[in-house]
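Visitor: The structure is given below, and queries will be raised subsequently.
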Amino acid sequence: MPSQAHVAKYLLETGIRIQGSKLYADRVAVSHSQVAAALGKDKRIVTSTVRTIENSPRLQSIYSKLKPSCNLIEVAPEMGWGIIEITLSDPALPGILGKVTTAIGETGVSIRQIIGEDPVFTMGTIFIITESVLPGFCLEKLRDIDGVVKITLH
């Protein structure tokens, strides 16, 4: 059902876990009504999604272990950090992340965080938060890496 898929995707992306028919963001309980309101759905859709997940041993083993994680993208500008968005032709291409981080490391700029958007949900995109804005020559090196389709600075 598309509505349940939407709820399940939201729980997965936000790291809200299911434990005993209840929802948690780390140790904080989140009501089915709150999730429904966030998604513009009826509470019954959330409840039925939780029930569906609990009735599947495979899904339950996944959703019972989720944890939210800190995403620094929104606060990076406030901290004076750089943000690079890199779109990849094939996110499964071996070694691409290593080549990207090596190119950045050679500039002497520290990486604060790397966030990879799951290609199941989006195009193969990685966001790299750096201690400072990268010099232009590094951006050129990044563009030359096989598999890098586009670079966007934020």
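The values are calculated or read from the model by the stated rules, or taken from the named source; none is laboratory data. Please read these numbers as outputs of a predicted model, since none were measured by experiment. Every residue, glycine among them, receives a Cβ derived from its backbone with ideal geometry; neighbour counts consider all protein chains shown.
Visitor: Which of the residues spanning the range 90-100 are under 14 Å from residue 142 (Cβ atoms) and either under 18 Å from the mean Cα position of the chain (by Cα) or hydrophobic (A, V, I, L, M, F, W, C) (or both)?
Guide: Result: 96, 97, 100.
Visitor: Pick from 47, 101, 107, 87: which is in contact (Cβ under 8 Å) with a residue 12 or more places away in the chain, outside the structural domain of residue 138 (by TED's automatic domain parsing) and polar (S, T, N, Q)?
Guide: Values: 101 fails: outside the structural domain of residue 138 (by TED's automatic domain parsing); 107 fails: outside the structural domain of residue 138 (by TED's automatic domain parsing); 87 fails: outside the structural domain of residue 138 (by TED's automatic domain parsing).
The unique qualifying residue is 47.
Visitor: Scan the range 106-127 and tell me whether some residue there is in a strand (DSSP E or B) and touching a Cys at 6+ places or on another chain (Cβ under 9 Å).
Guide: yes
Visitor: Here is a further query. State yes or no: is residue 83 assigned to a strand (DSSP E or B), touching a Pro at 6+ places or on another chain (Cβ under 9 Å) and closer than 17 Å to residue 130 by Cβ?
Guide: So residue 83 fits the description; yes.
Visitor: Can you tell me which residue in the range 123-154 is farthest from the chain's Cα centre (by Cα), limited to those that are surrounded by 12 or more Cβ atoms within 10 Å (Cβ to Cβ), at pLDDT below 95 and of a type in the set (S, T, N, Q)?
Guide: Restricting to residues being surrounded by 12 or more Cβ atoms within 10 Å (Cβ to Cβ), at pLDDT below 95 and of a type in the set (S, T, N, Q), the top hit is 132.
Visitor: Further, regarding this structure: Check off (1) part of a loop (DSSP other than H, G, I, E, B); (2) under 24 Å from residue 20 (Cα atoms) for residue 74 and give me the number that stays unchecked.
Guide: Failing condition for residue 74: (2).
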